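Below is one structure, written out as structure tokens, with a few remarks after it.
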């Protein structure tokens, strides 16, 4: 059976909404703790879609994180995740079920672990969008650096802070010493600027989500409508309408 390369309807719906309301790009990401069945959820910013040119039907969702956060260990031990994305402006909800991979700096101690984890996720799902990118060959570092450069100077500075979630030693007096902005260093030889840039870049990691099932709800119409999209073996997406 030939591969179905049609762009999935759920992506068309999301693209349309984000084109109208680009600031509605925050979703909630849930992972499972390695020591207990307790889920942990936090907000993430959607950065972009990523897909192989030959498989526009299999888009991956890209976000970012600090490689030092506790969720990194959770993801490496259990890549199964779920997101909830409520868009107030359009009264829509997108819930994604899938697998998550991480792309760390090649100079970070977790690089090999995260790279092997990403490649293994593709092997587990050989018909998915991640596998279509040929992750062992794909230039992830160029993509990571491209995404990092696109971040605001204020956001870059957040990756220069101590480990997220760790005890704040020294209180607010210490926090006021953290850099507020990290700009790309110029040719003036400013060593502190170079150090901050290198630190932020080292701690910056990509979040790569492989969608397997999407639950879409629109409450903008009455009666409300809800659809479930499940990835099919041949590369298409099975769609069924369900009770809202």
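Please treat every number below as a calculation from the coordinates, not as lab data. In this text the structure is predicted, and so the values were computed from the model without any measurement. Every residue, glycine as well, gets a Cβ built from its backbone with ideal geometry; the counts of neighbours run over all protein chains shown.
Take every Cα pair under 8 Å whose residues are at least 6 apart in sequence, average their separation, divide by the length of the range 137-244, and the relative contact order is 19 percent. Taking every alpha-carbon pair under 8 Å whose residues sit at least 6 apart, the range 23-64 reaches a relative contact order of 32 percent. Compared with the dominant Cα axis of the chain, that is its longest principal axis, helix 9-20 is turned about 50°. For the chain, the 222 nm mean residue ellipticity estimated from helices alone, with every DSSP H stretch of n ≥ 4 adding -39500 (n - 2.57) and the total spread over all residues, rounds to -8500 deg cm²/dmol. In degrees between 0 and 90, to the nearest 10, how far off the longest principal axis of the chain does helix 140-150 point, with axes built from Cα atoms? Between helix and principal axis, roughly 70 degrees. Here the contact order of the chain, divided by its residue count and restricted to Cα pairs under 8 Å and six or more residues apart, works out to 24 percent. Between residue 80 and residue 145, the distance separating the two model label sites (each 7 Å from Cα on the Cα→Cβ line) works out to 3.8 nm.
Packing, taken as the mean count of other beta carbons within 10 Å per residue, orders the peptides 15-28, 113-126, 74-87 from highest to lowest as 74-87, 113-126, 15-28.
Axis angle, to the nearest 10 degrees, between helix 111-124 and the longest C-alpha principal axis of the chain: 10 degrees.
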